[in-house]
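The structure appears below as structure tokens.
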């Protein structure tokens, strides 16, 4: 079964385009180093009545939205190999962590084992 790194990040609305540019550059790097998929999604229907809405769970401010992202790998070992290559890629050094369009302290991240998988092969 595949392995997935997942992220949820509150991002100021006025920094979404900067985030998108950063994510496009990062996604290319992850895919070049072997990730199977790289997906970045912006909140659209966040104030749902079921469960706890993302904005409330992440204490999203009125001028923020939520980015929900994931990277898919063949396995955890594959994830570890890909991420090691990504970390050592000189293009990552160009992304100044101090000028990121979001607050790293508010990013939620984790690695997940797949337990159910449906979908079509592309």
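FYI, it's all coordinate maths here, none of it is from the lab. It should be emphasised that the depicted structure is a prediction, and the values quoted were computed from it without experimental measurement. Reconstructed Cβ throughout: ideal geometry from the backbone, glycine too, with neighbour counts over all protein chains shown.
List residues of segment 15-59, by number, whose backbone nitrogen lies under 17 Å from a label position 7 Å along Cα→C-beta of residue 74.
From segment 15-59, the list is 30-38.
Taking N as the number of residues in segment 1-51, what is its Cα Rg relative to 2.2 N^0.38 Å?
Compactness ratio reported: 1.38.
Give me the Kirkwood hydrodynamic radius of segment 52-122 in Å, from all C-alpha pairs, to one decimal place?
15.5 Å
In percent, how large is the relative contact order of the chain, given Cα pairs closer than 8 Å and 6 or more residues apart?
48 percent
Is any residue of segment 82-116 close enough, with backbone N under 17 Å, to a label point placed 7 angstrom from the Cα of residue 17 along the Cα-Cβ axis, and if so, which?
So the set is 101-102.
Step by step: find N for the chain, compute 2.2 N^0.38 Å, then divide the Cα radius of gyration by it. What's the final number?
It is 1.12.
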